[in-house]
Amino acid sequence: MSQTLKKLRYKYWPDHIFGEILQKPWMETAVPLIVLIFTIVFFSAQIDNFISANNLSDNFRQAAELGFVVLGISLVLIVGGIDLSVASIFALCNLLVLYCMHVWQMPLIGAVSVTLLLGAALGAINGILIGYFRMRAFLTTMVTLIVFKAIHDLLNVKVAVAISSNFPDSPAWDRMGYGAILSIPTVVWAFGILAIFTHIFLTRLRYGWWLLAVGGNRRSAYNTGLPVNRIVALSYVASGVLTAASAIFYAARLASPGADTGKGLEITVLTAAILGGIRLGGGKGSVMKAILGTLIILLITNGLLRMATPAGTSRIILATILLLAATLDIRWFKNRHKAVQELYVSPALLELPGLSKDATSPDSDYAPNERLHDVEIIGLGQVEAPEDVVLDEDDNLYCGSRHGDIIRFFAPDYKRHEVYARIGGQPLGMTFDAEYNLYVCVGGMGLYRVTRDRKVELVTDETNRHFLSIIDDSRLRLADDLDILPDGRILFSEATVRYEMHEWPTDALEGRGNGRIIMYDPKQNKTTTVLRNLIFPNGIVVASDKQSILFAESWNCTIKRYWFEGPKKGKVEMVIPNLPGYPDNINRASDGNYWLAIMGMRSQVFDLSMRKPGFRRRMSKQLPGDEWLAPNINIGCIVKFNEAGEILDVLWDRQGINHPMITSMREHKGYLYIGGITNNRIGRLKLDDADETYVSSGKYHVG
Amino acid sequence: MKLFTKAAMTAVTLLSFAIGGSAVAQQSINDPARDALYASLKDRSVVFVPVFMGLDLTEGWSKMMARQAEKLGYKYEVRNSNFNTAAGAQTITSLISEKPDVLVVQNPDVQSYARLLKRAEDAGIHVLQLNMKTNILTTGFVGADVVEIGETQANAVVNHCTGEGKSGKVLILAGPPTSPFSAYMLHGYENVLNGNDKIQVVSVQSTGAYESAKAKSITQVVLQQHPDLCGILGVWDNTDIGTAAALAEAGKTNDVFVSTSGGGGELSCKGIRENLWQHYVSYDVPGQARDLNDLILAALQDKNEVGSTKTILYTPLIEFTADNVDQQSCWTLESIK
Amino acid sequence: MLNLLRGRKLDQQIIVLILFILIFLSFAVFLPGFISAGNILTLVRSVSVLGILGLGMAIVVIGRGIDLSMIATLAVPAAWVMTLAGAGYPPVLAILAGLAFAIATGVLNGVLVAYAEIPALFATLAVGIGIAGIGQSGLFEYDIVAWPPALDSISWIGRGVILGIPYSILAFLAAALVVHIFLKKTRMGFFIYALGDNLLAARITGVRVRPIIILQYVMASVIALFAGLVLAASSANMDTRIFNLTWIYDVILVVVLGGIGLSGGRGGVWNVIIGTLLIGTIINGMTIMNVSFEGQNLVRGMVLLAALMTDSILNPRNEETAKQGDI
């Protein structure tokens, strides 16, 4: 009973999504979002009609106006500065646009552009002083705040009467102030468009990244050759322009050249930005944070005003909320990655059947022998981590290396070698197509092709994203092994979507169906995921009917067969259910059977722990990563099997001297070439009864 | 509320007596207007949007408005913008959609709320402006004629400083340069002083946001330059406490004539008695509040289109001097009954 | 004077000193009535409260913080002392209550900065709003509190004159002396420099930095209360609305102008005095010239800007040595 419950729990309860959600970058914004929701819930309970169309429209109108300035100061904060002068820039721009409209009766476009220019100019003063003269942002903008304010006051006295005794006759101007499109205020539209643009700018465009880079680490940005001074200066110009935009909408709404226009604005916008989670000191911030902060501060102040809260009480409430929100946000910021670490690993229930007999006993199908003891060694110490090996039509040998290169050993003696191509990521499974282009699965990068003239080309690094996926599974994280169909389509396995290549032991510990099989169709240049939720799918080989593949699920210790077309399309059948070790690559043998590499042997301790997910979860939370259990991959073997799942032959290196672990093998002209990801050599074994013309890859097979 | 129910009950009882027992000798007749009036006031709402609370002016106005509301059974609420014009604008904006019957607004200046107040009236809310009016007139305005305050103050200084042996040197301590209230008052000063040859205005300085510390230091500096200063014109009583402190420290309390103005609260009489200032122009907060209450009632009963009548009530000013201070009653919050 | 300058780097402090001397001399030459003992005393007296606040701010800034709540702490606890004394409580009790209030504010600031790790700029801003709110919501009858006769026994701290020198100047000097001794002669003072210069290094060497951060905010608050009492005694009332003004910026400028860098660990009492004198001279001269309020602000702003600019041109910050996160 409890076992059934346990099974159900681990089958349906999505443990993994909590860590995945927590790990999303937008989770940084969780605290402001929660604060905002609380604010809305609180005030709608306290105030009638708080969520009425009228009130929302009023609030959004003001929020959008304020939002422009918050966005501006956010850009400055992201670069690592601060702009206190926005309050005075706001006041001056308000005065100018009103004077243009009311007194000079300028056309709207003219008035708006002149005002935006003024904003840019005032921002540029800050920018030049701070960016080029390297003055301190806080002090400089504090002084310009005072200076601009003094100029405003001098002018205000002179022009206020003229402004308020004339009224412009401009319907467009009135629409800016009070109009709405589709019952959404004009200013909200304007702000929305700007916000989307700024979001794209910050997250997708080079110049936005420059801002973040300068804010994140000014020194490094400078050393990488970014024009730090210019970037800093321009951020203040942007802040000035955005403040001017805000002032224009404010002016259109209130038409007020009031003397204390903008008073205290610098405090309000700074508060909004910090409440949204934008950090003083730079490098962190997003448009969403600016918007959330703006909404929070506006809803709180408006809500308190509407509740007719006495001024003192509102200030106390405001201060308390500010401090609580900031404390929470800072705690969250500091501790989120710890929480991610604890929550991300989410072990699943994996019940491997026990082995009927000890694999090492003489009467087992896998009875050990020493046939790999005397293999010929190729490239000893010249190659590191050849996960897979493949040979071309001239018998030259290709293998990957940990350094991100493809190494070629020259036939016939394989004494000489060269770097065939530099990939940049670790090559895993490799194979040739009919034209002897080399296709390579590259860990962390995707599927690549090295053409005959050694050009490295990206084939695919993304597939369709699953609609329920939380982590972005459209990018290929760990493409592992591949095979090519006669028509050129490529099937390859991606071992896991939750971990990077070097984290494979953690994926083993999880024992969850994190992997998938993907098909790339060169005719349509389309990549689609064909099979999901596989437990570390690894080796892959096209079966004899060319309508199905055989693939290995490493931590599940099985070989399965999957039909991607034909009458059994979509079916998955078990071929070998209960291997004594963890299967890796599969390749064809000259006699129509298949070679399978077993990279390590199962142990009872690890099998037992796979049946106890709770134990593994406690382990992952309480112990440092290097003390976690990991599958044994110290010794392995090569197995020959047929499509019926019968074990035909086994090759061992019991002492583990030549091949402590084996991840692949390839039969070529009567020899078996052996690779291993932790080895510093390639093995070559003469096969006694093999077809000496057989070539497992390239034209021979594909054609 | 209770009072109202009681009154209504009594009225009903009396009415039934009147119909049923018309034979009774001594007839009692109910005022036919009052029931209708009280009924019409029920559940109406008045909202006050002051620039600030916590000072005698606004607290005095608000207390009297609240008392009348309580008595007559309509709702009264204060939404304090706390020296923040933007917050005030937000408040009025949301009030326009909340639609109270009467909106009483203390303007921070001539322009800031002008457009909003017009929108409020267009939306059918009676808007009464208090103390400072915008250049758009609404249903009503209650406040002092600020230019007249200035003229009254300046006349007093002229009277004192053009006498025998007086230097005629005058210091003007204005409010914020951008405040119309202060600008109007300066205009009043100029109206009187500019035409007078014997008067020399040695300095016109702003006390910032009516800061008494600033008034004090300006006075000290000017006293250094002009030890024979004769008169000081101050804009507001609370600020001029600083002015008086500077004079007291310099030992010039009896040499320099200080005229200031304010709402006539307890500070005004105290200042005269303690010789902080010798002349005080009061714009009589309780009187203003009474005017305001009248306009509120009128607005609540107004059946015409909002804004069809516009009433301006300038407050009669009262001058306090050492001679008449004992006959004046300076109000306190407690004295407003 | 020039001897003093010889061999010294032209840093902010020296630049401001030269600027001060230039302005002072030109006023003395061109402005009749400027260079009189009476006017000089008036000059210093008018900025003594600013100077006292600057001393408090200096302690925090040297410890690489900032205290924006100082104006609220100047206004509210001092006004509370006056209200309590006016309501008949013994003056000593009233002052102790105000002191407790100020210390509590400082501790709150310190805890928020040191333990909750909220940036000082934001934490003290919010605390300032909160303190102003507490003041507004019922500690006093009106926002402007009059100096009660019950406190007349201490009103000399802001009003009186001894040997021709106003007490408020003496109050400034006394505060300067105390802060100077604290910063330069006590262990705690050294620690504040240490953690302002490099917090992590100070922590590694075994300084318990968090309690010291709290201490620096407490000192700033207590000094603010003292400044508040001087101000109230001087102008015979306390207008708690000064919280709404931009006074705090003046305080920061006085500190920074004198050469106490916002990145902490540098400067001392002299810097505050020089900064204060510069501001005082400008204001005094322009008041004598009857320059308008806005004109004064404009000129003052330009002079400050010139001072900051000269410093950054003569001592440019370099990308390699700039501290990350300095604003």
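Bear in mind these aren't lab numbers, they're just calculated from the coordinates by the rules spelled out. Because the structure is predicted, anything quoted here is derived from the model rather than measured. All Cβ positions, even for glycine, are placed from backbone atoms using ideal geometry, and neighbour counts span all protein chains on display.
In the range C:218-320, which GluC sites (Glu not before Pro) are in a loop and have at most 12 other Cβ atoms within 10 Å, using DSSP for the loop call?
C:320
Working from Cα pairs under 8 Å separated by at least six residues, relative contact order for chain A is 13 percent.
With the convex hull of the Cα atoms taken as the outline of the range A:61-305, the averaged projected area works out to 12.8 nm². The shape of the range B:146-282 comes out rounded: with a ≥ b ≥ c from the C-alpha gyration tensor, a/c is under 1.5. Largest GNM mean-square fluctuation among B:181, B:52, B:141, using chain B with Cα springs under 10 Å: B:52. Near residue B:174, the amide H atoms lying under 5 Å from its own belong to B:205, B:206, B:207; only residues 5 or more places off or on other chains count, and H is placed 1.01 Å from N. The angle between the Cα long axis of helix A:186-204 and the longest principal axis of the Cα atoms of chain A comes to about 40 degrees, rounded to the nearest 10.
Phi-derived couplings, Karplus 6.51 cos²θ - 1.76 cosθ + 1.60 at θ = phi - 60°, listed residue by residue for the range A:561-573: 10, 10, 9, 9, 7, x, x, 9, 3, x, 7, 10, 10 Hz, with x used for Gly and Pro. What does the C-alpha gyration tensor say about the overall shape of the range C:9-314? Classify as rounded when a/c is under 1.5, otherwise prolate if a/b is larger than b/c, or oblate. Judged from the Cα gyration tensor, the range C:9-314 comes out oblate (a/c at least 1.5, b/c at or above a/b).
A simple spin-label model places the labels of residue A:472 and residue A:456 2.2 nm from each other, with each point 7 Å out along Cα-to-Cβ. Residues C:57, B:53, ranked from the fewest to the most other C-beta atoms within 10 Å, line up as B:53, C:57.
Select from chain B the helices, each a whole stretch of DSSP H, whose alpha-carbon atoms run 18 Å or more along the helix axis and whose Kyte-Doolittle mean is at least -0.5; answer none if there are none. Membrane-span-like by this rule: B:2-20, B:85-98, B:146-161, B:180-193, B:212-225, B:237-250, B:285-301. For chain B, the relative contact order works out to 17 percent when only alpha carbon pairs closer than 8 Å and six or more residues apart are counted. Annotation: extensible slack from residue B:332 through residue B:166 equals 56.1 nm (criterion: 0.36 nm per residue apart, minus Cα-Cα distance). Pairs of lysines in the range B:75-232 whose Cα atoms sit within less than 13 Å of one another amount to 4, provided the residues are eight or more positions apart or on different chains. In deg cm²/dmol, rounded to 500, what helix-only [θ] at 222 nm does the protein assembly as shown give when every DSSP H run of at least 4 residues adds -39500 (n - 2.57) and the total is split over its residues? Computed mean residue ellipticity for the protein assembly as shown: -16000 deg cm²/dmol.
Residues whose amide H falls under 5 Å from that of residue B:127, counting only those 5 or more places apart or on a different chain, are B:103, B:139, B:140, with hydrogens built in the peptide plane. Take the Cα of residue B:159, step 7 Å along the line toward its Cβ, and report every residue of the range B:297-337 whose backbone nitrogen sits under 16 Å from that point. The answer is B:317-328, whose backbone nitrogens lie closer than 16 Å to the label point. Computed from Cα atoms, the angle from the helix A:30-46 axis to the main principal axis of chain A rounds to 50 degrees. Using a 7 Å offset from Cα along Cα-Cβ at residue A:18, what residues in the range A:473-505 end up with backbone N under 20 Å from the label point? Residues A:498-499 fall inside that zone.
Between residue A:113 and residue A:615, full extension at 0.36 nm per residue minus the direct alpha carbon distance yields a gain of 174.1 nm.
Placing a pseudo-label 7 Å from each Cα along the Cα-to-Cβ vector at residue A:174 and residue A:8 gives an inter-label distance of 6.7 nm.
In terms of surrounding Cβ atoms within a 10 Å radius of their Cβ, C:186, C:124, C:287 rank from fewest to most as C:186, C:287, C:124. Go from 0 up to the bin containing the longest alpha carbon distance in chain B, width 10 Å each, and give me the % of pairs per bin. Pairs per bin, as whole percents: 5, 23, 27, 20, 13, 7, 3, 1, 0. Extending 7 Å from the Cα toward the beta-carbon at both residue A:320 and residue A:416 defines two label points whose distance is 8.3 nm. Were the residues from residue A:603 through residue A:128 laid out at 0.36 nm apart, the gain over their Cα-Cα distance would be 164.2 nm.
If r is the Cβ-Cβ distance from residue B:122 to residue B:302 and R0 is 25 Å, what FRET efficiency results, to the nearest 0.05?
So, using R0 = 25 Å, E works out to roughly 0.95.
Relative to the dominant Cα principal axis of chain A, helix A:311-344 is inclined by about 10°.
Cys residues of the protein assembly as shown that find no other Cys beta carbon under 4.7 Å: A:93, A:100, A:399, A:441, A:557, A:637. By other beta-carbon atoms within 10 Å, ranking A:266, B:148, B:164 with the fewest at the front produces B:164, B:148, A:266.
Quantify how much of the Cα-Cα distance distribution of the range C:123-243 extends past 17 Å, in percent.
Of all Cα-Cα distances in the range C:123-243, 67 percent exceed 17 Å.
Each pair of Cα atoms in chain A enters the Kirkwood radius, and Stokes-Einstein at 10 °C and 1.306 mPa s then converts it into a translational diffusion coefficient of 54 µm²/s. Shape class for the range A:43-152, computed from the alpha carbon gyration tensor (a ≥ b ≥ c): oblate, with a/c not under 1.5 and a/b at or below b/c.
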